[in-house]
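Working notes, structure below.
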Amino acid sequence: MSTITLKNGNFEVVLSTHGAEIVSFRGSDGTKYVFEGPESVWKFHAPVLFPHVGRICDGFYTWEGKEYHLVNNGMSRDMEHALISSTETSAEFELTENSETADKFPWKFSLRTRYELRDDGLSFTTTVTNTDSTEMQFSLGSHTAFCCPRNTDPEGTTNADYQYEFELREPLTTVLLNDSAQLKADEDGTAPVTAPYGEKEAGIIPINAEGFGNGHFFTAFKSGWVGLRNKKDNSLVKVNCAGYPYLMVWQGGKGAEGVSGNGFNCIEPWYGTADAENTDHTWENKSGLISLAPGKNFTADQSITIVR
């Protein structure tokens, strides 16, 4: 594992070859935007999720009669990625099939994660290419954890001084999850099941000490971004979600206690879903999978914009 630092006049970002993950994203004034640890709170920062997003029941699935083994949120976050290019303000990493992936995913692939600093934030894209000879099916997403409260917030600030905000302030539709963060099934065994989220103010999700359990999951939104707004100073961290079919929010750490740096709230655009609670473990029966023909590629954009 090694790290690389990107820097421009407004931001500094530290990236790791382990998971091709952001491990630090700071403003020039020292503001910490992405959760940096400690591991005792959460060992990740902004993992890239591939080829599965969310919970996978019993740690396995089957494809063409063979069993494959994955952890929750896939394998990418736990593997070394090769650094294939870098400049002072950009870097690109790649993960391809290898001996470690053989019992996890049946296809040959390339997963490229590219970062580039902008004046207003960080361009963050992931591109999957099918390098195999047959059609490939996969899920893809990100899981960026944003400090909440931040280290530069006034003393006494807690996560209740923040809220999630959908760009269009639209009424939200939730995908129902059980207590294990698996898709709930209806009486007929169909999943996913959706329902109105029931927020008091359309497109606004308050944050408080109760948190979001194993996550609140949304679909059928038209907003191009979802953000984390500081209600005191009106600053906003936005994550691109244009075109995504699903988005998860999740809260962790000690943000409700006002412990700066130890609390975070995640914004997670997903192409795909967790397993259903009644899954038969068959990969092709999973909901939300992307199908990709040989030689084709698919790019997801989860870029981060800072509005101060």
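Some notes on this structure:
- Check on A242, more than 30 Å from C57 (Cβ to Cβ), free of Cβ contacts under 8 Å to residues at least 60 places away in the same chain and either assigned to a helix (DSSP H, G or I) or in contact with an Asp or Glu (Cβ under 8 Å, 6 or more places away or on another chain) (or both): yes
- Search result, residues across the range 173-189 that are open to solvent by less than 10 Å² (accessible area, probe 1.4 Å) and either touching a strand residue (DSSP E or B) at 6+ places or on another chain (Cβ under 7 Å) or of a type in the set (K, R) (or both): V175, L183
- Scope the range 248-267; condition surrounded by 23 or more Cβ atoms within 10 Å (Cβ to Cβ) and either among the β-branched types (V, I, T) or within 19 Å of N178 (Cβ to Cβ) (or both); matching residues: M248, Q251, I267
- Counted residues, the range 171-199 - those being out of contact with any Gly (no Cβ under 9 Å at 6 or more places or on another chain), within 25 Å of D58 (Cα to Cα) and of a type outside the set (G, A, S): 10
- D280 vs. criteria under 18 Å from H216 (Cβ atoms) and more than 16 Å from the chain's Cα centre (by Cα): no
- The range 210-227 residues that are under 13 Å from Y246 (Cβ atoms), paired with ones that are among the charged types (D, E, K, R) and in a strand (DSSP E or B) (beta carbon under 8 Å, 6 or more apart): G215/E268; V226/E165; V226/K238
- Neighbours by Cβ (under 8 Å, 6+ apart or cross-chain): first from the range 77-93, open to solvent by less than 40 Å² (accessible area, probe 1.4 Å); second of a type in the set (F, W, Y) and in a loop (DSSP other than H, G, I, E, B): R77/F44
- Failed item, numbered, when V71 is tested on (1) farther than 24 Å from D179 by Cα; (2) among the β-branched types (V, I, T); (3) surrounded by fewer than 21 Cβ atoms within 10 Å (Cβ to Cβ): (1)
- Residue, nearest to E97 (Cα to Cα), within the range 133-157, restricted to residues that are open to solvent by 10 Å² or more (accessible area, probe 1.4 Å) and in contact with a Pro (Cβ under 6 Å, 6 or more places away or on another chain): S133
- Residues (in a loop (DSSP other than H, G, I, E, B), among the acidic types (D, E), open to solvent by 30 Å² or more (accessible area, probe 1.4 Å) and in contact (Cβ under 8 Å) with a residue 12 or more places away in the chain) located in the range 268-288: E277
- The range 219-277, residues that are among the small types (G, A, S), modelled with pLDDT of 95 or more and under 19 Å from H45 (Cα atoms): G227
- Residue list for the range 226-239, restricted to those being more than 19 Å from T174 (Cβ to Cβ) and in a strand (DSSP E or B): R229, N230, L236, V237, K238
- Of the strands (runs of 3 or more DSSP E) that lie entirely inside the range 1-94, not one contains 2 or more residues that are among the polar types (S, T, N, Q) and modelled with pLDDT under 95.
- Set V53, V23, V14: member being without any contact (Cβ under 8 Å) to a residue 12 or more places away in the chain, touching a strand residue (DSSP E or B) at 6+ places or on another chain (Cβ under 7 Å) and buried (at least 17 other Cβ atoms within 10 Å of the Cβ): V14
- Of everything listed in (1) more than 21 Å from the chain's Cα centre (by Cα); (2) open to solvent by 10 Å² or more (accessible area, probe 1.4 Å); (3) closer than 15 Å to F138 by Cβ, the single unmet condition for S28 is (3).
The values are calculated or read from the model by the stated rules, or taken from the named source; none is laboratory data. Note that the structure is predicted; figures quoted are calculated from it, not measured. We place every Cβ from the backbone using ideal geometry, glycine too, and count neighbours over all the protein chains shown. For accessibility, only protein heavy atoms count, side chains too; no ligands or nucleic acids. Shrake-Rupley method; radii C 1.70, N 1.55, O 1.52, S 1.80 Å.
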